[in-house]
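In what follows, a structure is listed as structure tokens, so that the remarks can point back to it.
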């Protein structure tokens with residue numbers, strides 16, 4: 001649209017001349033010195049910007065530079081040539097995954113289904129737990145007791161995945177009379193309660209496909225509920241005391257205060273964290289699954305990441321593995337955009 005003179009000039013009836021609008025002059029001056037102001041800000045707070053350098057390098061080397069290898073999704077595999085020099089294969093790898101032979105398509109969709117189910121169960125059961133833990137911390141009046149409980153719940157997050165999975169394996173391990181090993185403590189407890197048979201306990205719960213998802217989710221909640229509650233607890237303690245006092249004057253008890261004061265006050269934080277969680281709905285880290293699963297539990301345990309690891313590294317089918325991960329990430333991107341759009345329209349809270 002072409003601007004008229006009246007849009008940015010002011011007419012002086014006395015002199016019969018146009019002069020530049022004062023506000024427009026200020027905007028022009030700000031725009032003219034924009035980069036100079038940016039340079040001054042960086043020079044003033046250079047220590048803070050220096051702290052961003054490691055994060056930027058991590059993103060460059062681990063997020064952006066590897067995108068070059070996405071070309072392998074569309075290239076004919078040739079170990080003697082660089083990815084850029086290989087011949088184009090079109091969408092043949094994607095066609096193989098969607099309706100391919102040799103069982104690749106069946107295994108991919110099984111892995112995709114397992115990825116979605118594990119993430120969905122984690123969203124349903126794992127996402128609310130940090131909020132509940134944060135509400136629990138908020139109700140503890142003793143600072144010493146609260147600190148002790150916080151340290152206890154935060155510690156599992158700092159245990160390496162290898163140690164954590166080894167602990168889980170030991171708790172639900174199978175019995176081995178030849179090695180002098182009894183079934184795990186959790187397996188014994190479930191047998192004594194009558195929830196599983198002794199045969200299942202002796203065989204090991206991690207060898208039963210029906211128990212893998214439950215073990216994965218319970219161990220995930222134990223590992224991350226305390227650490228993830230930090231964000232929600234910080235949002236809770238930022239609530240003004242006058243809000244609680246007003247609720248008490250109206251006769252609200254603890255549960256009513258939690259419902260009408262605390263939860264509405266942290267709603268924006270919950271929505272932002274939910275969008276982030278939905279965005280990573282199909283991004284299950286392969287380390288934990290890789291350490292817990294075995295060929296007996298592929299039916300319920302194999303996910304896209306382990307599928308890609310098995311075919312990309314073990315079998316050398318880099319194109320198939322890259323295409324599988326790319327499909328998974330595209331679906332994840334669609335989910336986060338959709339969740340952000342819905343959240344923005346429903347609650348006016350969104351990531352962007």
In nm, give the distance between the simple-model label positions of residue 241 and residue 60, each being 7 Å from the Cα along the Cα-to-Cβ direction.
4.9 nm
Show that you can apply the helix-only estimate: for the chain, add -39,500 (n - 2.57) for every DSSP H stretch of four or more residues, divide by all residues, and state [θ] at 222 nm to the nearest 500.
-18500 deg cm²/dmol
In degrees, nearest 10, range 0 to 90: what is the angle between the Cα axis of helix 209-237 and the longest Cα principal axis of the chain?
30 degrees
Multiply the residue gap between residue 286 and residue 79 by 0.36 nm, knock off their C-alpha separation, and tell me the result in nm, one decimal place.
72.0 nm
Run through all the Cα pairs of the chain and give the fraction in each 20 Å bin from 0, expressed as whole percent.
19, 42, 29, 8, 1, 0
What do you get when you divide the Cα radius of gyration of the range 112-210 by 2.2 N^0.38 Å, with N the number of residues?
1.41
Determine, from the Cβ-Cβ distance of residue 274 and residue 162 and an R0 of 35 Å, the FRET efficiency 1/(1 + (r/R0)^6), rounded to the nearest 0.05.
0.70
Between residue 43 and residue 71, what FRET efficiency comes out of the Förster formula 1/(1 + (r/R0)^6) with R0 = 45 Å and r the beta carbon distance, rounded to 0.05?
0.65
Report the gain in length on full extension from residue 195 to residue 52: 0.36 nm times residue separation, minus Cα-Cα distance, nm rounded to one decimal.
46.3 nm
Once residue 170 and residue 315 are pulled to full extension, the length gained, defined as 0.36 nm per residue separation minus their Cα-Cα distance, is 49.2 nm
What is the calculated FRET efficiency for residue 99 to residue 144, with r their C-beta to C-beta distance and R₀ = 45 Å, to the nearest 0.05?
0.15
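A short reminder: the numbers here are calculations on the coordinates, not readings from a lab. What you see is a predicted model, and the numbers here were worked out from it, not measured in a lab. Cβ: placed from backbone, ideal geometry, glycine included. Neighbour counts: every protein chain shown.
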